[in-house]
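Have a look at the structure below, then the notes.
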Amino acid sequence: MFHGQPYCKSCGHDGPNFMWSYHQYMGLSVLLCNKITNELRTVHIDDRDEFHDHSKTEDELEAVFDAFINNIVTREANENEYSVDVVKFALDENNPTTLKCPKCSELLYWRSTGIS
């Protein structure tokens, strides 16, 4: 339900603006980073009925959710890309992330762009 975007304070480059946290019926997007070029892109994960199976515990649902996301990311990411754990920096807009700008190689910052 939270939207955000990595951006560069040095050169003005804006990364993808995306919904990084899960929202029922809307899904979420996962941020991928290219290890060589630092290019960023997102992969959208659609919501699925099995994420709402009321016969499962919260832990079981989380395991289903995580496994599904990992499967999609593994299938969609190329050999030079990795999945970025946005949660580690998404709520801190004052400090740089660990991501480098694909244009100038300075560290990117995070901006929150909305709530669904």
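Considering only Pro102, His54, Asn78, the residue lying farthest towards the positive end of the dipole of the range 2-114 is Pro102, judged by Cα position with unit charges set on Cβ. Per residue, the accessible area of the chain comes to 61 Å², computed with a 1.4 Å probe over protein heavy atoms only.
Compactness ratio for the chain: Cα radius of gyration over 2.2 N^0.38 Å (N = residue count) comes to 1.13.
Taking Cα centre as origin and charging only the Cβ of basic (Lys, Arg, +1) and acidic (Asp, Glu, -1) residues, the dipole magnitude of the range 2-114 rounds to 720 debye. Taking 4.7 Å between beta carbons as the limit, the unpaired Cys residues of the chain are Cys33. Take every Cα pair under 8 Å whose residues are at least 6 apart in sequence, average their separation, divide by the length of the range 2-114, and the relative contact order is 34 percent. Taken one residue at a time, the phi angles of the range 42-57 give Karplus couplings (6.51, -1.76, 1.60, θ = phi - 60°) of 10, 10, 7, 10, 6, 5, 9, 4, 5, 6, 10, 6, 5, 7, 9, 6 Hz. Gly and Pro are set to x. Cross-link partners for Lys56 among the lysines, with Cα-Cα distance under 28 Å and sequence neighbours closer than 8 places in the same chain left out: Lys88.
Residues whose amide H lies under 5 Å from that of Glu81, counting only those 5 or more places away or on a different chain, are Lys35; hydrogens are built 1.01 Å from N in the peptide plane. For chymotrypsin sites (Phe, Trp or Tyr not before Pro), the sites in the range 1-92 that DSSP calls loop and that have at most 16 other Cβ atoms within 10 Å are Tyr22, Tyr25.
Counted residue by residue at 0.36 nm each, then reduced by the alpha carbon distance between them, the extension gain from Arg41 to Thr57 reaches 2.5 nm. Here is how the number arises for the chain: DSSP H runs of 4 or more residues each give -39500 (n - 2.57), the sum is divided by the residue count, and the result at 222 nm is -5500 deg cm²/dmol. Within the range 1-92, the trypsin sites (Lys or Arg not before Pro) that combine a DSSP coil assignment with at most 14 other C-beta atoms in a 10 angstrom radius are Lys9, Lys35, Arg48, Lys56.
The values are calculated or read from the model by the stated rules, or taken from the named source; none is laboratory data. In this text, all values refer to a predicted model and were calculated from it rather than measured experimentally. In this analysis, Cβ positions are derived from the backbone assuming ideal geometry, glycine residues included, and neighbour counts consider all displayed protein chains. Side chains included, ligands, DNA and RNA excluded: accessible areas come from the protein's heavy atoms. Shrake-Rupley method; radii C 1.70, N 1.55, O 1.52, S 1.80 Å.
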